[in-house]
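Below is one structure; the comments refer to it alone.
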Amino acid sequence: MFTQPTYQRFLGLLGAAIITMGRRTVANLLRTAGSRASGQVTSYRRVFSQAQRMTPCLFELYSVVALLYHELPKGRRVGAIHWPGKTGVTFSDALTAVRRWLWSDGVFARVQGGAGIEELPAPLREVLYSALAPAA
């Protein structure tokens with residue numbers, strides 16, 4: 001479906017789409033991806049330029065989140081919102097758990113001095129992750 005360069009851009013946008021909060025425009029995704037998104041903005045916009053590609057890409061995003069959630073150890077599946085009558089895990093719960101994992105093990109672990117987040121008191125870390133990871 002994609003050429004190799006386009007596929008690499010798609011993967012970059014996919015990762016950014018998982019952790020981006022708010023509207024998932026190409027500009028917001030590129031802002032989230034930061035320096036990992038090399039090249040021209042127009043080349044990223046072309047990835048989503050054809051309407052027939054949007055639905056499969058969104059389906060792939062949901063599939064990737066579901067697979068990542070399934071692979072998370074049970075102890076890492078945190079951040080779910082509970083309400084009366086709720087009996088299972090929603091996509092929002094899965095997305096929140098995956099985002100928390102990506103922030104803790106992906107973003108903070110790779111930033112210079114990012115391991116310092118582990119030195120923060122647990123309640124403060126929880127506030128930080130809760131602010132960065134909600135699905136809505």
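No value in this document is a laboratory result; all are computed from the given coordinates. This one's a predicted model, so the numbers in the text were calculated from it and none came from an experiment. Backbone-built Cβ (ideal geometry, glycine too); neighbour counts: all protein chains shown.
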- Note on the structure: Taking only C-alpha positions in the chain, Rg and Dmax in angstrom work out to 16.1, 48
- Message: Quick one: 3J(HN,Hα) in Hz for region 85-98, Karplus 6.51/-1.76/1.60 with θ = phi - 60°, rounded, Gly and Pro as x.
- Response: x, 6, 10, x, 8, 9, 4, 4, 4, 5, 5, 4, 5, 5
- Note on the structure: When the chain is treated as a Gaussian network with springs between alpha carbons less than 10 Å apart, the largest mean-square fluctuation among 12, 34, 79 is found at 34
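Which trypsin sites (Lys or Arg not before Pro) in region 1-31 pass both tests, a DSSP loop state and at most 14 other beta-carbon atoms within 10 Å?
Details: sites: 9, 23, 24, 31; in loops: 23, 24.
When the trypsin sites (Lys or Arg not before Pro) of region 1-31 are filtered for loop state and at most 14 Cβ neighbours within 10 Å, 23 remain.
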- Cut-off under 5 Å, modelled amide H: who pairs with residue 24 long-range: none
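Once the cut-off is 16 Å, how many percent of the Cα-Cα pairs in region 74-132 end up in the long-distance tail?
Details: 836 of 1711 pairs.
Result for the distance tail: 49 percent.
Set the Förster radius R0 to 25 Å, insert the Cβ-Cβ distance between residue 131 and residue 28 as r into 1/(1 + (r/R0)^6), and round the FRET efficiency to 0.05. All intermediate terms of the calculation are to be shown ahead of the outcome.
On the way: r = 17 Å, r/R0 = 0.68.
Given R0 = 25 Å and the Cβ-Cβ separation, E is 0.90.
Show that you can apply the helix-only estimate: for the chain, add -39,500 (n - 2.57) for every DSSP H stretch of four or more residues, divide by all residues, and state [θ] at 222 nm to the nearest 500. Before the final figure, lay out the partial values.
Numbers: 6 runs with 74 residues, N = 136.
Calculated from helices alone, the mean residue ellipticity at 222 nm is -17000 deg cm²/dmol.
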- Task: Evaluate the distance, in nm, between pseudo-label points positioned 7 Å from the Cα of residue 41 and of residue 80 along their respective Cα→Cβ axes.
- Result: 4.0 nm
- Note on the structure: With label points set 7 Å from each Cα along the Cα-to-Cβ direction at residue 72 and residue 59, the distance between them in nm comes to 2.5 nm
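By how many nm would the segment from residue 89 to residue 118 lengthen if fully extended, with 0.36 nm per residue of separation less the alpha-carbon distance? Could you put the intermediate results ahead of the total?
On the way: separation 29, 0.36 × 29 = 10.44 nm, distance 2.77 nm.
This chain segment gains 7.7 nm when fully extended.
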